[in-house]
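> Sharing a structure, written as structure tokens. Questions coming.
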Amino acid sequence: MTTAFDLDAYFERICWKGDTLPSLETLDGLMRAHMRHIPFENLDVLLGRPVRLDLDSLQQKLVRSRRGGYCFEHMTLFAAAIEALGFQPARHSARVLLMSPRQQSPRTHMFLTVAVAGETYVLDPGFGGPAPMFPVPLVDCGTSGPAGTTHWMYRKDNDWILRHRLGSEPADAWVSTLEHELAVDFEVANHFTATHPGSPFVNNLFLSLFKPDGRVSVMNRYVTVRQADQTRSTLLTDRAALRTLLAEQFDLDLPEVDGLSVPMISEWNGTET
């Protein structure tokens, strides 16, 4: 890295006071703290602002300005943090399978793998709502996965697939060949994700944050709050409601959202439509 990483500021941002030894327990704790304090969000894309991946910009936005971001931002920041602790993460891209089949999904997701005590784990705190909150062992666990786990890896030919339980049924999250990618590869993918007219992030509002007892997710006007075994869904009726939600659930104060223009919310007029 050519830019110094402020590890103390990052720890303060994620409220981390735990161990800093390069162990699996440290990784697990850091992932959970990161995901409970730094939101997944694409507000800058919708506001027409550039999404920068250099470490200075990421520390300013996600750490000092207490904002969130999407996968490229989260994973670049998280990789720098664990590198500062002595880990050696590898950076990879993946094709997201949540809404499109493999053949129609570009490589627009970033995640990490890291070796700890002779075993390799997948780290993906930047995947938003469906993200695993723990290091996932890079072991072929089949299509059904081990009992009692929410996420696992499955190998098919040359592909590795992250699977998760959607309700009671397993589902594919993303697929990757596990090639080691360079920073320039993510710059290209980030440019597509943030600017291409067909990118989901250009056409939809996405927000997600994990809580001690569940998760809050937003897609356009639809808000889903999961607490323990209960799920509650509500519909945002105007931008004022969005600003209130951002402040109360995501600790974000962004008056600029009053000017958001997204197909699913651009016609807000104070009543449900």
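> 222 nm [θ] for the chain, helices only, -39500 (n - 2.57) per DSSP H run of 4+, per residue, to 500?
Mean residue ellipticity, 222 nm, calculated: -7500 deg cm²/dmol.
> Quick check: at a probe of 1.4 Å, how many percent of the accessible area of the chain sits on carbon and sulfur atoms?
50 percent
> When the Cα centres of the range 242-257 and the range 5-47 are compared, how far apart do they sit, in Å?
Here the answer is 20 Å between Cα centres.
> Follow-up question, since we're still on this one. Where does the Debye-calculated log10 I(q)/I(0) of the chain sit at q = 0.11, 0.15, 0.16 Å⁻¹, using only Cα point scatterers of equal weight, no solvent?
The computed values of log10 I(q)/I(0) come out as -0.61, -1.20, -1.38.
> Oh, and also: Helix 24-37: angle to the longest alpha-carbon principal axis of the chain, degrees 0 to 90, nearest 10?
Relative to the chain, helix 24-37 is tipped by roughly 0 degrees.
> How far is the Cα center of the range 150-167 from the Cα center of the range 100-134, in Å?
10 Å
> Counting heavy atoms of the protein chains only and a 1.4 Å probe, report the per residue accessible area for the chain as a whole number of Å².
Spelled out: the 1.4 Å probe surface of the chain, per residue, equals 48 Å².
> Quick one: what Rg and Dmax do you get for the range 31-144 from the alpha carbons, in Å?
When restricted to the Cα atoms of the range 31-144, Rg and Dmax are 14.6, 44 Å.
> Helix 183-195 sits at what angle to the longest principal axis of the chain, using alpha carbons and giving 0 to 90 degrees rounded to 10?
20 degrees
> How far is helix 239-250 tilted off the main Cα axis of the chain, in degrees rounded to 10, range 0 to 90?
Taking Cα atoms only, the helix is inclined about 30 degrees.
> Another question, then. For the range 126-264, what is the relative contact order in percent, using Cα pairs closer than 8 Å and at least 6 residues apart in sequence?
12 percent
> Computed on alpha carbon atoms, what radius of gyration and Dmax characterise the range 126-229, expressed in Å?
Reported Rg and Dmax, both Å: 15.8, 42.
The values are calculated or read from the model by the stated rules, or taken from the named source; none is laboratory data. Since this is a predicted model, take the numbers as computed values, not measurements. Just the protein is used for accessible areas: all its heavy atoms, side chains included, with ligands, DNA and RNA removed. Shrake-Rupley method; radii C 1.70, N 1.55, O 1.52, S 1.80 Å.
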